[in-house]
Structure formats: structure tokens, C-alpha cells
Amino acid sequence: MAVRPFLVNGEWRTGEGTFEVKSPFDGSVVAEIGVPTEADVEEAAATAAETFKESQHLPIHARSEALDHVSKRLGETIGENAELIAREGGKPLKWATVEATRAVSTFRWASEVIRHGDDEMMRLDTEASLGSRVGLLRRFPIGPVLGITPFNFPLNLVAHKVAPALGVGAPIVVKPASATPIGSLRLAEFFAETDLPKGMYQVLPVRSSVADQMARDDRYRKISFTGSADIGWYLKGLDPKKRVTLELGGNAGVIVHADADLDLAAKRIAFGGYYQAGQSCISVQRVLVQSEVYEDFAARLVKEVESLKVGDPMDPTVDVGPVIQRSEVERIDSWVKEAASQGAEILTGGTADGPFFAPTLLSDVTPEMKVCREEIFGPVVTISPYQTFEEALARVNDSKFGLQAGVFTNDINRAFQAHRELEVGGIIINDQSAFRADQMPYGGSKDSGFGREGLRFAMEEMTEPRIMVLSHVPL
């Protein structure tokens, strides 16, 4: 098998040594990746810093045309990209195709955002003492970006860092997850076809210890990190002067009120809790159902969960694929067994089989259990009854996380109440927590993160406003 190279300073390199990317389904080798040397890591940082001198002055059309090109190439290769996602990460092909398609729109949206522009003219003749003045407010990139990406969305979550950076004229170096680096390298192939400066996008598939040193490098003015809370907050604490965006964990709550469409809620929760084998930070984890419909809804949800097909991610009919590592299967299994020993009832699932953990639904849980308190990051959902809507809101908020939540109700007042009171970054009405449109602001509160992604909002995180005041002008 040929070694798959990485991109530094416009050159495809293989470095020294290799590591294997293996399928979490059957352990087969998907790719052999070259390992960057210390010199490669240093050159990438130096190249990004030098390239910024040019890239910060690139006209909008140059940046937009490059983003359009990457979007077009992604659109031409959706099938190929979906297969790569499925093979390296174990995501079922049907959902890998969704991710590959979303990456097309992520780059397209980035292009549309910068073409639309956000420059602002401010009248400053608001007081007699100010005179006749006007301000022009523009945003400018703060400098090179270090992007650190997770395994679970190896193409589109890389796109959510790369597209905004290229859009604002900031060079970006990506450190992809070691388990799933191919998506970032795929984007590098399409970037290399554009006319942007060659140092604007580089990929370094290095170990976490090397990434730690990169995060300390002053030449990276901004870190965009998606991953665990422990690592994210550690990175933020390294340098208080460095801009950091953190997209971290969650244990999303979904409320099902008695006035909701119960069939719709059951179908959507069965999707949102298990489609990624639960390996998504906005995956449904805690379902709260109004007591008067609890038994009815629980039966509907069990039926939907048991209809999910588990198996080979390359099978287009499979709904739930493998967990990323066997050690994670063992951890999930231990959490479920611990909950059962503490009084939880396994309504369905609860078994491990090789790389799979069966889609599991637990009832009779308490807030102190790990399956409620921590992020499971596996195909396990809990279900509990509640009496009042206010109680349900309080129980969703009773978490150290606050990324997204879902609320099924046909009462607009309850929807607005949830929007006002839930301590999360996004509230999804009449759908489950795992909904995301790529152009919307995405991020959380508490231990779920800091800052926002979502094209325009990510661009704001990578730039700073600067005002020019024109004095003594006729207004």
C-alpha cells in the first residue's frame, strides 16, 4: 500500500515513518499515512506566518472563487468521499453520504458569506461635540489558525474550520484525528487545485504531544478545537492572549410534551440517538417525557430503536455502525452495566458484540448515574417521565454541558419559554438535538465550549473589527 502524503508549503510529503488507519468495523487497513518530521512542523508554522502577509490582502473574488472550486469538486466526488468517511470512521454509508453532501454546502456558504460582506457604515455626528464624522467598520483576520479536528466528522468538521479561514484570508494548519485523517487530506487535494497561496492550507497528521507544542506556538494566533472538554479547556489555558474556539462535549436532553406528535418524536429521537452510533456531541442522550404519555411514548420509541439495522458501514441499508475503538465499546458496556446495577432498566439493547454496541434505551435512571451525568458518546439513550414543563426545563439544565436540546411541543409559548430558559447554544423545536444546518451558529455553554462555529460566526471568531473614522466630511 502506497503511503498517503500530507501537505506542507504546497508540497506533498511522506515525512519519516508511517501509521495505519484501520477500519473500526473489521480492522482492515484503510490507509498508511506519512508522519511529519519536526522540520515539517516548524516549516508549516513558518509558512503560515509568512503566507499571512499576502493572504490578508487577497480580494474577495480570489477567496470566493477558491471556495467555490472546492465546493464544486466535493460535489463531483460525493460518492468517493462518502466511502472514505465510512471506511476510516465506520460511519454507515447512508450517513457518510449526508456528511459528504454537507461539506459541499459548507464551502458554498463560506463563499456566499464573504461575497455578501458585512462592512458597516456608522454615523458619528450623533452629538454636536463630535462634529461631522462617519465611521467605516470592517473586519480583518487576526492571523494564522491552528485547527484540531475530531474523528467523528472527518470531512465536514474539517471543512468548518478550513472554509472560514480561507474565507477571511487566514492561513490554517490542520491537525486531524489520527483515527480519521483522510478527510483533511482529501480537502487538501482540492485546495491544491486553486489559485490561493500554497501556504494557506496545510495538513499535519501528528501525535497529540506534537499538537500540544503547536498550540503553544505564538505564530498561531487562533486555535479552533473540536474534541473533549478536558483537552479543550487545557488548550485554552495555555495562552490567555490567544483566540480560542472550543466545540466540546454534550449529553443533550430532549423534551417530549404531551401535546407533541409522538410518532414523529419517536422516529426522530431514534435517529438522533443512534445514527452516529451515538458518537456525536449533540446526539440525543436524555429523553424526558410528560408522565401522562410516558408509557405510550416509551413503547413507540422501543419499537423504533429495535427497527434500526446494525452492521457493516458499507451496507447502504445499515443505520448504526461500529464504535470507533474496542476500548470504547468496553467503556460503554461498563457504564450501562453500572446503571443497571444501580436500578436502571434496559428496555432494549444493552449488549456488546465485537465493534458494536447494540442501540440501547434505559429507563428508571437517576441524575447521579454516569449515563445521565457524563457524555456517553455511544448508542445509549435514557428515558424518564416528568410532571410539568418547568420541571423538564430544569432537568435539561441540570447538566455540566449545554450544547443543544430538542423540544417536541405544539405550543408556541412553550417553545419560546424553552428558548429563554434552556442553558444551551441551540434549541431545536419539534426535532431532536442532533439537527444542524451548516450556516447556523453552533456552539455551547458551560463545559460544552467557548465561541461559535457556523461559517459567518466562525469568521467573526477568526477576525477582529477595526474602525476608520472620516472627519469633517459633508453628511
| remark: Scanning the range 179-220 residue by residue, those open to solvent by 30 Å² or more (accessible area, probe 1.4 Å) and in a loop (DSSP other than H, G, I, E, B) turn out to be A179, A192, E193, D195, R207, R216, D217, D218, R219
| How many residues are basic (K, R) and over 22 Å from S363 (Cβ atoms) when one looks only at the range 300-334? | 2
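Just one of R436, R395 is closer than 28 Å to K303 by Cα and under 16 Å from the mean Cα position of the chain (by Cα); which is it?
Details: R395 fails: under 16 Å from the mean Cα position of the chain (by Cα).
Going through R436, R395 in turn, the sole match is R436.
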| Checking S71 against (1) open to solvent by 60 Å² or more (accessible area, probe 1.4 Å); (2) of a type in the set (S, T, Y); (3) in contact with a Lys or Arg (Cβ under 7 Å, 6 or more places away or on another chain), which single condition isn't satisfied? | (1)
| remark: If we ask which residues in the range 439-472 are open to solvent by less than 10 Å² (accessible area, probe 1.4 Å) and in a loop (DSSP other than H, G, I, E, B), their number turns out to be 6
| query | Which number in (1) touching a Ser or Thr at 6+ places or on another chain (Cβ under 9 Å); (2) within 13 Å of R286 (Cβ to Cβ) marks the one condition that D398 misses? | reply | (1)
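Quick check on this structure: which one of L262, L246, L235, L288 is in contact with a Ser or Thr (Cβ under 6 Å, 6 or more places away or on another chain), modelled with pLDDT of 95 or more and of a type in the set (A, V, I, L, M, F, W, C)? Steps first, answer last, please.
Details: L262 fails: in contact with a Ser or Thr (Cβ under 6 Å, 6 or more places away or on another chain); L246 fails: in contact with a Ser or Thr (Cβ under 6 Å, 6 or more places away or on another chain); L235 fails: in contact with a Ser or Thr (Cβ under 6 Å, 6 or more places away or on another chain).
Answer to the check: L288.
Take the range 398-413 and flag every residue that is open to solvent by less than 60 Å² (accessible area, probe 1.4 Å) and outside any loop (DSSP other than H, G, I, E, B).
Correct list: F401, G402, Q404, A405, G406, V407, F408.
Could you tell me which residue of the range 113-129 is most open to solvent (accessible area, probe 1.4 Å), considering only residues that are without any contact (Cβ under 8 Å) to a residue 40 or more places away in the chain and not in a strand (DSSP E or B)? Walk me through how you get there before you give the answer.
First pass over the range 113-129, keeping only residues without any contact (Cβ under 8 Å) to a residue 40 or more places away in the chain: 116, 119-121, 126-129.
Filter again for not in a strand (DSSP E or B), leaving 116, 119, 126-129.
On the way: H116: 158, D119: 103, T126: 93, E127: 111, A128: 107, S129: 109 Å².
Among residues in the range 113-129 that are without any contact (Cβ under 8 Å) to a residue 40 or more places away in the chain and not in a strand (DSSP E or B), the one most open to solvent (accessible area, probe 1.4 Å) is H116.
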| task | For the range 294-317, enumerate the residues that are open to solvent by less than 20 Å² (accessible area, probe 1.4 Å) and assigned to a helix (DSSP H, G or I). | result | F297, A298, L301, V305
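Just checking, which of R331, R395, R420, R373 is in contact with a strand residue (DSSP E or B) (Cβ under 9 Å, 6 or more places away or on another chain), among the basic types (K, R) and open to solvent by 20 Å² or more (accessible area, probe 1.4 Å)?
Values: R331 fails: in contact with a strand residue (DSSP E or B) (Cβ under 9 Å, 6 or more places away or on another chain); R420 fails: in contact with a strand residue (DSSP E or B) (Cβ under 9 Å, 6 or more places away or on another chain); R373 fails: in contact with a strand residue (DSSP E or B) (Cβ under 9 Å, 6 or more places away or on another chain).
Only one candidate qualifies: R395.
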| field | Sole residue being surrounded by fewer than 17 Cβ atoms within 10 Å (Cβ to Cβ) and either free of Cβ contacts under 8 Å to residues at least 12 places away in the same chain or under 23 Å from A179 (Cα atoms) (or both), chosen from A39, A96, A100 | value | A39
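Residue-wise test of (1) under 30 Å from K309 (Cα atoms); (2) at pLDDT 95 or above; (3) under 21 Å from the mean Cα position of the chain (by Cα); (4) outside any loop (DSSP other than H, G, I, E, B).
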site: V134; (1), (2), (3), (4): no, yes, no, yes
site: R139; (1), (2), (3), (4): no, yes, no, yes
site: G143; (1), (2), (3), (4): no, yes, no, no
site: L146; (1), (2), (3), (4): no, yes, yes, yes
| said: So the check is Cβ under 8 Å with 6+ separation or different chains; which pairs have a first residue in the range 451-475 that's in contact (Cβ under 8 Å) with a residue 24 or more places away in the chain and a second one that's open to solvent by 70 Å² or more (accessible area, probe 1.4 Å) and among the hydrophobic types (A, V, I, L, M, F, W, C)? | reply: L455/W109
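Given the residues E345, E306, E328, which is the only one that is among the acidic types (D, E), touching a Gly at 6+ places or on another chain (Cβ under 8 Å) and modelled with pLDDT of 95 or more? Walk me through it before giving the result.
Working: E345 fails: touching a Gly at 6+ places or on another chain (Cβ under 8 Å); E306 fails: touching a Gly at 6+ places or on another chain (Cβ under 8 Å).
Testing whether each residue is among the acidic types (D, E), touching a Gly at 6+ places or on another chain (Cβ under 8 Å) and modelled with pLDDT of 95 or more leaves just E328.
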| Hey, G90 small (G, A, S) and at pLDDT below 95 or not | no
| request: Keeping to the range 78-88, report how many residues are open to solvent by less than 10 Å² (accessible area, probe 1.4 Å) and in contact (Cβ under 8 Å) with a residue 60 or more places away in the chain. | output: 4
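The values are calculated or read from the model by the stated rules, or taken from the named source; none is laboratory data. Being a predicted model, the structure only gives us computed values, none of them experimental. Because the Cβ atoms are built from the backbone with ideal geometry, glycine has one as well, and the counts that use them run over all protein chains shown. Side chains are part of the model used for accessible areas, which takes the heavy atoms of the whole protein and leaves out ligands, DNA and RNA. Shrake-Rupley method; radii C 1.70, N 1.55, O 1.52, S 1.80 Å.
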